[in-house]
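Below: the structure, in C-alpha cells.
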Amino acid sequence: MYDIYLKDITLIKNERKILADIETHFPVGKTTVIIGPSGCGKSTLLKVAAALIPVDHGNIFVNDKNLRKMNTSGLLDFRKNSSFVFQDAALWANQSVYQNMSLPLRLHFPEMDKDTHDNKIMEMLDLVGYTDSIHLRPAALSNGERKMISLARSLITSPGLIFMDNPLVLVDPSVAKKMRKLILDLHNTEATIIANFSSQELIKQMADYLIVMKDGKLVEAGTAESVQNSTDPVTSAIINSLLNQNQDYI
Amino acid sequence: MLGKLGRWMINHIKALLYGLGFFFQIMKATIGFARKGQVGRKVLTMQILFTGVQALTNISLIAIALGAVIIIQGVGILPQFGQGDLIYPILITIITRELGPMLCAFIIIARSGTAIATEIGSNVVNHEIEAYIAAGIDPISYLAVPRFIGVTISLLLLNLYFNFFGLIGSYFITQFIHPIQAAEYFRKILYNLHPEDIVSSIIKSLVFGVIISVVSIYYGFKVEQSSTEIPQMTIKAVGMSFVLCMLADAFIVLIYYTLY
Amino acid sequence: MKFQIRFADQIVGLFIILAVMSIVFILIMMGINQRWFAKDYKYTSSFKTGNGLSVGMPIKLKGFQIGSVDKINLLEDNTVEINFHIFDTYIEKVRKNSVLELSVSPIGIGGGGMLFHPGKATDIIPELTFIPSTDFDEGKELIAKELVNIPPRDDTILNIINDISPLLRSVDSTLKSLDELLISANATIEGDMEGPVGDIIEEVAVMVTMLNNTLSSAMIAANEILTNTYGITSNLEITTAGLTDTKGLVTHLLDPKGSIATLLDDDDELYKELFSIVAEIAKTTEELSAFVKYINNTQPQISELLEGSREALVKGKDVLEGLSNNPLLRGGITGVTEQPTTFMSYGEEEF
C-alpha cells in the first residue's frame, strides 16, 4: 500500500508552466480522481505522481520516502506494486500479446514457474475476454482490444496502486461498457486508484476524493462531496461543466 | 549577434554534455546487462539477427566486388612498374584497415541506425517508453543496451566477414578474369597481413559500432511527442553517425601511423 | 522471415561461431606463415657501414630467405653491429666459417640483399655467436682460404664487379712474388745466391705466364681502362717472348749441354742479355704495381663503365631480337661469330 504525497511540484516545458506549485495527497485505499478542463495538466500530474516524468521542482513522497532518493530496489518494489493504464493502450508494438503480458511478470516474479506464469496470463486475458489474441501483435488488434489488453497488462502483477489516464477515451460503446465494469470492480478492492476520468458515470461512482485543476494549478482538493459542494466559483464552474451534464462526454 | 553565438555555444555544450551523460549511462547499464542480462537477451539476439545476419548478403557482395576490382586492377597495372607484389599490401590496407570497417559502418548506419532511431522514436510517441518505465523496466537497460551491444557485436562480426569475403571470396571471382595461382595468392596475403592490421580493423569496427548505436538510440529518445519528429531525428542520427565515424576513423588512423 | 525469427538463436549462434572460427583460422595460418610459433636462432655480425642495411631485411642463401635482420647499432668504433636471426629450418646451414655479405646492386633495384655464405666445416655455430662479414678482413680471409661455400651469382654486373677484387688481389700477389723472385734471380746472377740459374729462370717464366693469365682475366673485365697500359703489356710481352722462345735463352740454358760454364764462356753476352731482361721485368713490375693501385682506385668507374656496356648489350640484344622476329629478315642475318678475347688478339699482334 502506498501513500503518495506531492510537494511543490513544478514542471516547465518550452518555457511554459505545465504544472505550477502543486501540493496534494492521495489517500491510501481510496480512489482519487483528477478533474479539470482539457489541457489543464491532469495527465501530466498523473504521470508525475506515477514518477514517469521528472519534474523541474518539488518532490514526490511515497510512504514518506522521497522518490528521488529511493534506491533501485525500493523503486523496483514501487513499480512492482503500482501500474499505469495509458490513454492510448501503449502496448509494446514489437511484442505479441503474450509477450506484453509476460514481460512485467518475468521481471517482478522471476521465480514464477512457467505454468503459473502462463495461467496468470490466460486468467487476465480471460478477464478482459481476449484469449484468442494471445499470439497476435498489437498492430493486428482493434483499438478497443488494445485498450482492454493494456488494462489486463497493468493488472497482471496485482498492483496495490493503479494510475488510470482516461482509459475509456476513443473506445466503442460495447468495449467501454465492459471496461467500465472492470474498473468499477477495482474500486471495490483495497487498491488505491488515482485517475483522470472523462466519464461522468465513473467519476460519480468511483471518486472518493476529487482534485480540481485549471491551467496547471490545483484549484481545490478534497472528498468528492466537499468538492462538489464547493462554493469556489472556479471549482463550481468546472464541476458544472463536467459533472452536471445530461450526457457522458467521452 | 554575440548573444546568439553565446546561446548557440551554450546549447551545443549542454547537448554534448547530455550526450556524454547518455553514453555513460548506457555504458553503466551495459555492465549491469552483462551481469544480469536475462530479460534483454532476446532483444539482443534479435538485434544481432537484424543488424548482423540480415546485412551479411549486402556486406559479402560489396566485399567480394571491392576485392575483385582491386585485384584485377592491381594485377593489370602494378607489374608494369615492377611492383606486382604490392597488390597484397594494397588489398590488405583497403579491405582490412581502411574501407572494410568504414563500408560496414555505412551499411549499418543506413540499415540499422535508421531502424533504431525510428523504432525508439515511435516507441516514445506511442508512450511505450513510459509503459516500460511504469512496468519497472529501465528503457536504457531493456531497449538501449541490447541495441548497443547488438550493433557493436554485429559490426565487428560483419567486418570479419567483410575481410573474409574481400580477401578470400574475391580471389575466386578474380579467377574468371585474371587467374592467379591459389597457393601463391594465399601465402602472400597471409604473409602481408599483420596483427596490427587486424587489431586496427577490430578497434575501428568496435568504435564505429559504439558510435552508430549510441547516436541512433540517443536521437530515437530525443523524439518527444509528434510522429513528425521521427524522420527529423532519424536524419540527424544518420548525419551525426557519419560525421563521428569519419572523425573516429581519422583519429584511429593517426594513432595507427604513429605507432607503426 | 518467420524461419529466421523462429530459429533466431541458432542463426545468430552460427553467425558468431563462423566469424570467430574464421578469424581464429586466419590467425593460425598467419602464425604459421609468419613463423610466430617457430624458434629462431640469434646471431650477430658487423659491417663497415649501415648503408643498405635495414631492420627486417631478409637474409638469403641461394635465393631462399633463411632469416632476417632484427637490429642495427652504430658502435663506438664507428662499425655497425647487426643482430639477426636464422630460421630453425635452416640452422644446419649455419656452419663454422660462415660469412655474411651485404651485396648492393649497382643499378638500384633488385639483385642486392644480405647474403649468407655457409662455411665448409661440418660443425654448426652455436646461437649468439659472432658471424664475420665480408666487410672485414676476418670474412675476406675465410673466403680467400676457400673455407666458405660461395655460390655463383645471378647478376652479371655483380659477378664482374665482385670478381675484379680477387683478380686484383691475385695480380698484386703475383707481382709481389715476381718481385721477390727477381730479387733472388738478381742475387743469384750476381753470385750472392747458390743454385742452378736455369731453375730460377724457369720459375721466372712460369711466373710471367701466370701474370699473363691473371692479366688476361682482368682485361676481359676492364679492357677499356687498360688501354693506357699497352706499353706495359708490350714490354712484358717482349720479355716473355724472349724468355719463352723455344730457340731462346731459356731453352738454351735449360739444355743439358748448357750450363753455368756455357753461360760464363759466352763473353758475358748471355749474362748481359739476361741482366737486361731482368731489369726490364723489374721496370715492368713497377709499372704494373702502379697500375694495380690505379685499378684499385678506379673500381667505381669500372662499375659505371660495365653498367653502360650492359645497357648497350641489352639494347643490342633487343635490336637483334627485333630483327630475328621480323619475318622479312628472319634467317637473313648471319650468326654471331665468336669474338676472340681482346687481350689475346693484342698479344698476337706486334706493336
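Within the same chain, lysines fewer than 8 places from A:Lys177 are excluded, and of the rest, those with a Cα less than 21 Å from its Cα are A:Lys147, A:Lys204.
The heavy atoms of C:Phe3 present about 130 square angstrom of accessible area, all protein chains included, probe 1.4 Å. One chain, two ends: B:Gln83 and B:Ala182. Fully extended at 0.36 nm per residue, the span grows by 33.7 nm beyond their Cα-Cα distance.
Phi angles of the stretch B:135-141 translate, via the Karplus equation with coefficients 6.51, -1.76, 1.60 and θ = phi - 60°, into HN-Hα couplings of 7, x, 9, 6, x, 5, 5 Hz per residue; Gly and Pro are given as x. Modelled spin labels at A:Ala93 and B:Lys42, positioned 7 Å past Cα toward Cβ, are 1.9 nm from each other.
Look at the stretch A:87-94: the mean tally of other chain Cβ atoms within 10 Å of its residues' Cβ atoms is 5.
Counted as membrane-span-like here are DSSP H helices of chain B whose alpha-carbon atoms extend 30 Å or more along the helix's own axis and whose Kyte-Doolittle mean is 1.0 or above; these are B:56-77, B:195-222, B:229-259. In this structure, the amide hydrogen of C:Ser46, modeled 1.01 Å from its nitrogen in the peptide plane, lies closer than 5 angstrom to those of C:Ile82, C:Ser133, counting only residues at least 5 positions away or on a different chain. Just to be sure I follow the definition: excluding the sites themselves, where is the longest run in chain A that has none of the GluC sites (Glu not before Pro) in a DSSP loop with at most 14 other Cβ atoms within 10 Å? Looking at chain A, A:16-110 is the longest stretch - no exposed GluC sites (Glu not before Pro) with at most 14 other Cβ atoms within 10 Å. With semi-axes defined as the square roots of five times the eigenvalues of the C-alpha gyration tensor, the equivalent ellipsoid of the stretch C:38-154 measures 19, 17, 16 Å, largest first. The accessible-area ordering, largest first, of the residues B:Met246, C:Met57, A:Met112 stands as B:Met246, A:Met112, C:Met57, per a 1.4 angstrom probe. Going by accessible surface with a 1.4 Å probe and the largest first, C:Ser177, A:Ser174 read A:Ser174, C:Ser177.
Solvent-accessible surface (1.4 Å probe) assigned to A:Val85 amounts to roughly 0 Å². Straight-line reach from C:Lys60: taking Cα to Cα under 24 Å and skipping same-chain neighbours fewer than 8 places apart, the lysines in range are B:Lys188, C:Lys39, C:Lys42, C:Lys48, C:Lys71, C:Lys93, C:Lys96, C:Lys120, C:Lys140, C:Lys145.
Relative to the compact-globule estimate of 2.2 N^0.38 Å, the Cα radius of gyration of chain A comes out at 1.01. Of the Cα atoms belonging to the stretch B:110-166, the radius of gyration and Dmax stand at 14.6, 48 Å. Dividing the summed helix terms, -39500 (n - 2.57) for each DSSP H run of n ≥ 4, by the number of residues in chain B produces a 222 nm estimate of -25500 deg cm²/dmol to the nearest 500.
Can you give me the convex hull volume of the Cα atoms of the stretch A:1-109, divided per residue and expressed in Å³?
For the stretch A:1-109, the hull spanned by Cα atoms encloses 137 Å³ per residue.
Counting only protein heavy atoms and using a 1.4 Å probe, the accessible area of B:Phe251 comes to about 130 Å². Applying 1/(1 + (r/R0)^6) with R0 = 60 Å to the Cβ-Cβ distance of A:Lys17 and C:Gln10 gives a FRET efficiency near 0.65. Spin-label model, B:Val243 to A:Glu123: label points 7 Å out along the Cα-to-beta-carbon direction sit 5.5 nm apart. Accessible surface comparison of B:Tyr260, B:Tyr171, probe 1.4 Å, protein chains only, largest first: the order is B:Tyr260, B:Tyr171. Between B:Val253 and B:Tyr191, the modelled labels are 2.8 nm apart [label points 7 Å from Cα along Cα→Cβ].
If r is the Cβ-Cβ distance from A:Phe61 to B:Thr57 and R0 is 60 Å, what FRET efficiency results, to the nearest 0.05?
The value I calculate is 0.60.
Return the tail of the calculated pair distribution for the stretch B:34-259, meaning the percent of Cα-Cα pairs more than 29 Å apart. So the portion of pairs separated by more than 29 Å is 36 percent.
The values are calculated or read from the model by the stated rules, or taken from the named source; none is laboratory data. Since this is a predicted model, take the numbers as computed values, not measurements. Cβ coordinates were reconstructed from backbone atoms using ideal geometry, including for glycine residues, and neighbour counts include every protein chain displayed. Just the protein is used for accessible areas: all its heavy atoms, side chains included, with ligands, DNA and RNA removed. Shrake-Rupley method; radii C 1.70, N 1.55, O 1.52, S 1.80 Å.
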